[in-house]
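The values are calculated or read from the model by the stated rules, or taken from the named source; none is laboratory data. Fair warning: this is a prediction, and the values are worked out from it, not measured in the lab. A quick note on method: Cβ atoms are made from the backbone with ideal geometry, for glycine too, and the neighbour counts reach across all protein chains shown. Just so you know, the surface numbers come from the protein's heavy atoms only, side chains and all, with ligands and any DNA or RNA stripped out. Shrake-Rupley method; radii C 1.70, N 1.55, O 1.52, S 1.80 Å.
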Amino acid sequence: MLVLFGWHTNRPILIQVDLEWTPMQYNTALGFLACGVAGTLAYFSRPRSSSAISLIPILLGSLTLIEYVIGVNLFIDDFFFEHYITTGSSHIGRMAPNTAICFILAGASLILSCPFPNSSSRRQFFVATLGGALLISLSLIAALGYLTGHESFFGWGSMTRMAIHTTTAFFILGIGLVASSMEHSKAEKSVIVFSIITMSSVMLTVTVLAVMQSAVERDVKSTLQASLARTLTELDIWRIGVIRNSSTWSEFPGVKENALALLNAPRSKQSLLAHPSGEKLDSLLRPIMERFEYDGYILISPDYTNTASMLKGNIGKKNILADVKNYLPRAFAGETFITPPLKSEIPLHVLSGDANRRAPTMFSLAPVHDDEGNVIGVLAFRLSPFKNFTPILRLGILGRTGETYAFDASGQMLSESRFTHQLEQIGLIPAGSSSILNIEVNDPGVNLLKGMTPSLPRDKQPLTLMAGQAIQGKKGSNITGYRDYRGVTVVGSWVWYDPMDMGIATEIDLQEMYESYNFFRNAVLFLQVSMIGLLIVFATQLGRRRRELTQKETMFRAIADASPIGLYKIDCSGRYIYVNEKWRDITGISQEDALKIQWFKTIQSEDQGRILESWNIAVQQGKPFEAEYRIKTKERNSIWVRAHVSPDRDENDKIIGHIGTIADVTARIANERQLKLYSENLEQLVAERTRELNQTFKQLLHSEKLASLGRITGSISHEFNNPLQGIRNIIEILNDANLSKDEHRLSLLAKKECDRLADMIRNLRDFYKPSTGQTSAIDINHCIEGVLALQMKSFDRKGIKVQKHFSDSLPKIEAIEDQIKQVIWNLVQNASDAISDNNGEIIVSTEMQNSDTILITINDTGAGLSDIDKKLIFDPFFTTKGVDGTGLGLSICYSIVQAHGGNINVEETGKYTTFTVTLPASHALANVGDRNSKL
C-alpha cells in the first residue's frame, strides 16, 4: 500500500530505498496487495474469495515471464500506471523475472493453504509449506546479494533487478505461508520444519559457493600437505635406520679389522682378490645383506678404488660414485648418508628378472675410521629402490589417481611411477621397463592420455610447474591445477628433500580431488533451476550429506588413529566421548572402558590434587590446560604423560567439552633424572667407566695371549717331535742288544711312554693348527675321546671323575673336525674350571635323538649358573671367570654349532649344570668359513 501511495503521490522514498537501487514496480506492489488481501480472506475462512484473489499475482507473474521468454510486449508493464523511475529496469515498469517466479509460487501456495471444507488434504498444505520455504530461500538469496555485492543473486543477466524491499516483502510473505500451512496441516511439524530448513539451506548454498570453494581448496591443500608430510616422516624413519645400520657395521670390530687390512693392501685386482681379509669381510657382511635385504656392498679406498665387493668383478675398478656429484668426498669427510637412485654400473635383476646393466640402484655410504679416528675408507651398501624406497613413497598415494614420487635436480624421476602401464601405452618408456631414471618430469603441454601430440619433443619440453619450483628449493602447493609429466591436470604439494638431494611431490588428478565439490555444486544449481520442491529431493540430498559426513568422520577417525600422539575428547563433566588408538596404547584402557570414566580418574592419586586445582582454574577461565602427571594404566603401571587440553566451543562460542592430547614422556623424564644423576655423580661415573675400560683391555690382552699360545704350541710341537723320534729309535736299537729281563722290560716301558708323548704332541698340534674349513665324515665319539685324553691329567690332578656314556650306533656326520673338537674342548674345560673341590664329577654322553639328530650332553657338578648368567652365557666377552676368562669361548662354540645347523643350550638339572649340543645326523655345510679362534 505504501509503495502504491508513493507512485501516485510521487514520493520516491517510498518507491526506491536508494537512488542507485531498483524501485519496486507498480505491478509488483499490486501483486503484494493482492497477496495480502488473499491471505486476510483465508484467515477469516473465505477460501473461495482468497483463491480468486490469489490468481492475480499468478497472472501478473506468468504474463511477465512470457514477456521475458518470448520477447514480446503484452503491454501489462505500464497498463495500470506510467512509470517515471527506471533505475535497474531492462523494460520500463516490468518486474524482475525472479519477482515473477516468486508471485507464481506465492499465489499457488495461497490457494493450496486455503482450508476448503471437506476437500483440503494433508498433501496440499505440505506443498504450500514448500512453496513458502522457496519464497524464503529466494528472498534470502536476493538479500545476501545486496549484502555481499553479488548482483547476480538479485538480478539475472541484463533483466530487471529485484528491489531490496521486494526481497523483504517476499521473506515476510514466505514466513506467513509456512506458518499458515503448518497450522492447518496434520503432518508432524518436525517434518515440515525439516523440509523448510533443507530447502532453505540448499538454496542458500548457491550464495555461498564461492566461500565453500575456498574452504574446499584449503581442505585439498591440507590433505596434500598431510600426505606429503606422512611420506617424508616414513622416509626419514627408513633413511635414519639405514644410516644407523651402515654406521654400526662400518665400525664393527670384525668388519673394521678386515676393511683396514684391505685398504692397506696393494690396489691391483689380483692382490685384492687373493687377500684373505676379503673372504673374511665377505663372510661377515653376507648375513647382513640377507637380513636387511641389501643388494651388495663395496669397500672404497681413498683413491675411489673398489677394494672389496660382494660381486668379485667389481674389485679393483674405479667406483661408480667417483664421477657423480660430491658423494664420495662427503663420505670421506665423515658423513653417513644415502644417495638417490643412480644407474648401476653392473647388471642387476629388475622388474622381469632379466639382467639390466643400466638398472637403478642406491647406496648407503658410511666412513671407515682407523684407530686414530681418521677416515681411511668408505663402506657402501647397495640398496634397491624397488624394495623400500618406492614402497615408502607409495604410502602417500591419494585416491584413484594420486601418486607420490621423487625426482632429481635435472628432472629425472627417481621412483617407480604409479602409472607405468599408461607410460608404456603412450610411448614414454619401453614396455616392461621401470620409470626410474627413464622419464623426465616435463610438461608436454597437452594431455598425452587423450592421444594428443605435443608441439615440442620430450627433451625440449619444460619442467612441470611443480618440478621447476621444487628444484629451485621452493616448497609449495598448487590447488588450481597444473599439468604433470603425462599432461594430466593435477593438484599437488612438493618439497626439496635435502637429506637425499631430491624433490618429492604428492599429486592427484584435479578432477578427482574436486569431484565431491563439483558434484555438490552442480546438484545445488540443478535444484535452483528446476525449483523442485518435493521432499524426496531434499531427503536424498540429506542422505548424501550424511554419507559425506560419515565418510569425513571415518577419515577423521582414521587420521586420529594414525596420529603418533594420544587424542581424546571429553564432555563438560569430564567423561570421555572419544579416544584414539594411540591413547588406548598409552593407557592400556579399551575404548569401551574409556567411555565409562572421567578423565581425571586415570590420574595417579598422588598427582590428582595438583592437577585438578590447575584444571578447575583453566575451565573457569576458558583457557587451554597443559600439565605433566602420572597415570595408572590398566596393568596398574605408572607412566608419565604430557597433556594439552583446549576448550571445544559451539557456534555460539559456548564450551561444550574439551579436546586433548597426551604423549608418553616417561622415557624423557627418566632420561632427565638420569642426566641429573650423571651430572651429580660425574666423577664417580668417569672412574667406573675407566675401570670398565681397563677390564676390557685386560680381557682383550688375555685373548691375544691365548691366540699367541696357539701359534707357540704348534712351533713347540714340531721342535719336541724330532728329538722324541730320535729317542725312540735309540730304544729300538737297544732292544736288539742282549739285555737282561729287567732292562728289556724297562726299554719297552720307555718306548710306550715315547709313543704316548708323541700322541699327546700330535693331538696338541691337531687342536691348535688353523682350520682348513673343509668338511669330512667324522666320528663324534672319537673326537670326544681325543679331547678327553688331552685333559685327563688335568682331571686327575683336580680329583675329577669322568664318566663316558657313548652310543655305539652313532653315524658319522659331515662336519669340520677341528671345530667340533674346539666346541668339546671349551665345554669340558669350562666344566673342569667350574669344579673347585676334589670330589667333582663330569659326565659326557652321546645318543641319537629323533633318528636325525645327534645329542651330546656334558654334565658337571660345579658351582652352577644364575638365571642372569644363563641368559648372557653365549654373548661375546661375557665371562664368569673374571680376568681369567676372555668371554669368547662359549660365544665361539655357539657360532660353530649354529654354522653346522645345530643348537647349544644350558640348564640346571638337579646338582648338575648341563650343556647340550645337538647336531644334524646328515648335514651338508655351506658358508661355515674358517674358524681359527682357539681357547
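The trypsin sites (Lys or Arg not before Pro) of segment 629-669 that DSSP puts in a loop, and whose beta carbon has at most 14 other beta carbons within 10 Å, are Lys634, Arg636, Lys654. Sorting 655-662, 471-478, 617-624 by their mean Cβ neighbour count within 10 Å, with the most densely packed peptide first, gives 655-662, 471-478, 617-624. Taken one residue at a time, the phi angles of segment 55-61 give Karplus couplings (6.51, -1.76, 1.60, θ = phi - 60°) of 5, 5, x, 5, 5, 4, x Hz. Gly and Pro are set to x. Straight-distance candidates among the lysines for linking to Lys654, with alpha-carbon spacing under 19 Å and chain neighbours fewer than 8 residues away dropped: Lys569, Lys623.
In segment 412-515, what percent of the accessible surface is made up of carbon and sulfur (1.4 Å probe, ligands and nucleic acids excluded)? Mind dumping the intermediate values first?
Details: 2160 of 4370 Å².
Result for segment 412-515: 49 percent of the exposed heavy-atom area is carbon or sulfur.
Taken per residue, the accessible surface of segment 772-920 reaches 46 Å², heavy atoms only and a 1.4 Å probe.
Over 20 Å between Cα atoms: which of Lys870/Lys911; Lys280/Lys870; Lys821/Lys911 fall into that group?
Cα-Cα > 20 Å for Lys280/Lys870; Lys821/Lys911; rest within.
Over the Cα atoms of segment 252-383, the radius of gyration divided by the Kirkwood radius equals 0.94; this is the Rg/Rh ratio.
Per residue, the solvent-accessible area of segment 412-515 (1.4 Å probe, heavy atoms of protein chains only, all protein chains present) comes to 42 Å². Ranked by the mean number of other Cβ atoms within 10 Å of their residues, highest first, the peptides 99-108, 315-324 come out as 99-108, 315-324. In terms of its C-alpha gyration tensor, segment 423-462 comes out oblate, because a/c is 1.5 or above while a/b does not outweigh b/c. Remark: relative contact order (segment 252-383) = 23 percent; criterion is Cα-Cα distance under 8 angstrom and separation of 6 or more residues. Here's how it looks for Thr401: its modeled amide H is under 5 Å from those of Asp509, which are all 5 or more places away or on a different chain. Averaged per residue, segment 252-383 has 44 square angstrom of accessible surface, using a 1.4 angstrom probe with ligands and nucleic acids left out. Protein heavy-atom surface of segment 793-923, 1.4 angstrom probe: 46% of the accessible area is carbon and sulfur, with nucleic acids and ligands not counted. Compute the Cα gyration tensor for segment 254-327, then decide on rounded, prolate or oblate, letting a ≥ b ≥ c be the square roots of its eigenvalues: rounded whenever a/c is under 1.5, prolate when a/b is larger than b/c in the other cases, and oblate in all that remain. Oblate, because a/c is 1.5 or more while a/b does not exceed b/c. Across segment 480-493, computed HN-Hα scalar couplings (Karplus, 6.51 cos²θ - 1.76 cosθ + 1.60, θ = phi - 60°) run 9, x, 8, 7, 8, 5, 9, x, 7, 6, 10, 10, x, 10 Hz from first to last residue, x flagging Gly and Pro.
What is segment 426-518 by shape, rounded, prolate or oblate, if you read a ≥ b ≥ c off the alpha carbon gyration tensor as root eigenvalues and call it rounded for a/c under 1.5, prolate for a/b larger than b/c, and oblate otherwise? The shape class here is oblate. Reachable lysines from Lys741, Cα under 20 Å, same-chain residues fewer than 8 places away excluded? Qualifying lysines at Cα under 20 Å: Lys751, Lys752. Under 5 Å between amide hydrogens, built in the peptide plane, is the criterion, and for Leu463 it picks out Asp443 among residues at least 5 positions away or on other chains. Applying both filters, DSSP loop and at most 16 other Cβ atoms within 10 Å, to the chymotrypsin sites (Phe, Trp or Tyr not before Pro) of segment 25-56 gives Phe44.
Extension gain for the segment Asp561 to Lys474, taken as residue separation times 0.36 nm less the Cα-Cα distance, is 28.2 nm to one decimal. Scanning residues 5 or more positions from Met502 or on other chains, those with amide H under 5 Å from its amide H are Tyr497, with H placed 1.01 Å from N in the peptide plane.
Atom-type composition of the exposed protein surface of segment 252-383 places 51 percent of the accessible area on carbon and sulfur (1.4 angstrom probe). Karplus-derived 3J(HN,Hα) values for segment 281-298, using 6.51 cos²θ - 1.76 cosθ + 1.60 with θ = phi - 60°, are 4, 5, 5, 6, 8, 4, x, 5, 4, 5, 5, 9, 6, 7, 8, x, 9, 9 Hz; glycine and proline are entered as x.
Arranged from highest to lowest average of other beta-carbon atoms within 10 Å per residue, in what order do the peptides 565-574, 724-733, 365-374 appear? Write down the numbers at each step before the final one.
Working: 565-574: 16.8, 724-733: 12.8, 365-374: 15.3.
Output ranking for 565-574, 724-733, 365-374: 565-574, 365-374, 724-733.
For segment 562-690, the spread of Cα positions along the three principal axes, ordered from largest to smallest, is 66, 31, 28 Å.
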